[in-house]
Amino acid sequence: MNNYDFCTQWVISKKSGETFRILDYGCGAGQIVVQLMQNNVDAYGCDVFYEGADYLKSVDPKLIGIKIKPMKESESFKIPFDDNFFDCIINNQVMEHVEDIDFTLGEMNRVLRPNGVILSLFPSMGTWRETHCGVFFLHWFPKHSRFRVYYGAMCGLFGFGYHKEDRGIIEWSEHKCKWLDQYTHYRTNDQIKTAYSKYFKDIEHLEDFWVQQRLKSKKILVSWLPAFIQKTLVNKMCGIMFSVRSAK
């Protein structure tokens, strides 16, 4: 099971009533939207389709403008749906790319119905492995740090990291560090909790549930561990996974 499957199954488990609507915020190529539609869920998506990961060309043209809508810079990247439109919002590996998290969470709160739920999966500053390139602690360095480039290159030299695309070690590290500088905004777990708590309540961490679902028949490998250890391991290696409920 991958994250797309996990999100799909989590949403299906929350579905209630014929008018249940779900938004995939930062939907990319729309994989989760399509999977949910195939499971008779009224699913929608939106994305800024920014230069760092523009999947617009991979979206089914029949979905664009109807089920999947671009967020426009001319409209301050507001979510292009009406107030109180959704019962559920998911965001998978998205919030670490959001510069103004308060505005984004405010927009989610606007389009979410009272008592609606949000599922968020993304890496935080506390995550050890930088998930976009696979180099441990690379996101801990200050932006535009030349030392970070050398550190990344050294890790690459010893076989760490991915998405190297036949680049030389220094070139690859420079490319990845520049991408991180431009397109990521890592926050501490406390900063994330504070930001979400402004609009939402009932934070429930799901890292232990996530890892067991991902492992399926192999979950025995971790299920004997206390839940807090499972959650800590997932936090450090993959990121945070939690749900919140609208405070409206």
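Name the single residue that is farthest from K193 (Cα to Cα) among those in the stretch 137-150 being touching a helix residue (DSSP H, G or I) at 6+ places or on another chain (Cβ under 7 Å) and open to solvent by 20 Å² or more (accessible area, probe 1.4 Å).
H144
Yes or no: P114 in a strand (DSSP E or B) and over 22 Å from F209 (Cβ atoms)?
yes
Can you tell me which residue is farthest from N235 (Cα to Cα) among those in the stretch 125-136 that are modelled with pLDDT of 95 or more and either open to solvent by 70 Å² or more (accessible area, probe 1.4 Å) or of a type in the set (S, T, N, Q) (or both)?
Among them, the one singled out is W128.
For the stretch 94-103, give me the residue count where each residue is in a loop (DSSP other than H, G, I, E, B) and either open to solvent by 60 Å² or more (accessible area, probe 1.4 Å) or among the hydroxyl-bearing types (S, T, Y) (or both).
2
Looking at I203, I169, I220 in this structure, which one is in contact with a strand residue (DSSP E or B) (Cβ under 7 Å, 6 or more places away or on another chain) and among the β-branched types (V, I, T)?
Every option except I203 fails the conditions.
Do we find that G52 is open to solvent by less than 70 Å² (accessible area, probe 1.4 Å), modelled with pLDDT under 95 and assigned to a helix (DSSP H, G or I) in this structure?
So G52 fits the description; yes.
Might you check whether a residue that is open to solvent by 30 Å² or more (accessible area, probe 1.4 Å), aliphatic (A, V, I, L, M) and under 29 Å from Y150 (Cβ atoms) occurs anywhere in the stretch 175-187?
Looking through the stretch 175-187, none of the residues is open to solvent by 30 Å² or more (accessible area, probe 1.4 Å), aliphatic (A, V, I, L, M) and under 29 Å from Y150 (Cβ atoms).
Are any of the residues in the stretch 228-246 hydrophobic (A, V, I, L, M, F, W, C), assigned to a helix (DSSP H, G or I) and over 28 Å from V117 (Cα atoms)?
No, every residue in the stretch 228-246 fails to be hydrophobic (A, V, I, L, M, F, W, C), assigned to a helix (DSSP H, G or I) and over 28 Å from V117 (Cα atoms).
Out of the residues in the stretch 69-92 meeting the condition of being assigned to a strand (DSSP E or B), among the hydrophobic types (A, V, I, L, M, F, W, C) and within 17 Å of the chain's Cα centre (by Cα), tell me which one is surrounded by the fewest Cβ atoms within 10 Å (Cβ to Cβ).
Out of the qualifying residues, it is C88.
Out of all the residues in the stretch 1-44, which are farther than 18 Å from S58 by Cβ, part of a loop (DSSP other than H, G, I, E, B) and small (G, A, S)?
Selection gives S16, G17.
Look through the stretch 220-238, keep the residues that are more than 23 Å from the chain's Cα centre (by Cα) and open to solvent by 70 Å² or more (accessible area, probe 1.4 Å), and return whichever of them is nearest to H139 (Cα to Cα).
Filtering first and then ranking leaves L221.
For residues that are closer than 30 Å to C133 by Cα and over 20 Å from the mean Cα position of the chain (by Cα), tally how many sit in the stretch 31-60.
2
Yes/no per residue for (1) touching a residue at least 60 places away in the same chain (Cβ under 8 Å); (2) touching an Asp or Glu at 6+ places or on another chain (Cβ under 9 Å); (3) more than 27 Å from D102 (Cα to Cα):
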site: K14; (1), (2), (3): yes, yes, no
site: G26; (1), (2), (3): yes, yes, no
site: Y44; (1), (2), (3): no, yes, no
site: S58; (1), (2), (3): no, no, yes
site: G65; (1), (2), (3): no, no, no
site: I68; (1), (2), (3): no, yes, no
site: M71; (1), (2), (3): no, yes, no
site: F81; (1), (2), (3): no, no, no
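Please enumerate the residues belonging to the stretch 205-220 that are farther than 19 Å from D5 by Cβ and in a helix (DSSP H, G or I).
Hit for the stretch 205-220 is I220, nothing else.
Which of the following residues is among the charged types (D, E, K, R), in contact (Cβ under 8 Å) with a residue 40 or more places away in the chain and assigned to a helix (DSSP H, G or I): K201, K193, K176?
Being among the charged types (D, E, K, R), in contact (Cβ under 8 Å) with a residue 40 or more places away in the chain and assigned to a helix (DSSP H, G or I) holds for just one of K201, K193, K176, which is K176.
Determine whether G156 is part of a loop (DSSP other than H, G, I, E, B) and surrounded by 14 or more Cβ atoms within 10 Å (Cβ to Cβ).
no
The values are calculated or read from the model by the stated rules, or taken from the named source; none is laboratory data. Given the structure is predicted, the values throughout are model-derived calculations rather than measurements. Every residue, glycine as well, gets a Cβ built from its backbone with ideal geometry; the counts of neighbours run over all protein chains shown. For accessibility, only protein heavy atoms count, side chains too; no ligands or nucleic acids. Shrake-Rupley method; radii C 1.70, N 1.55, O 1.52, S 1.80 Å.
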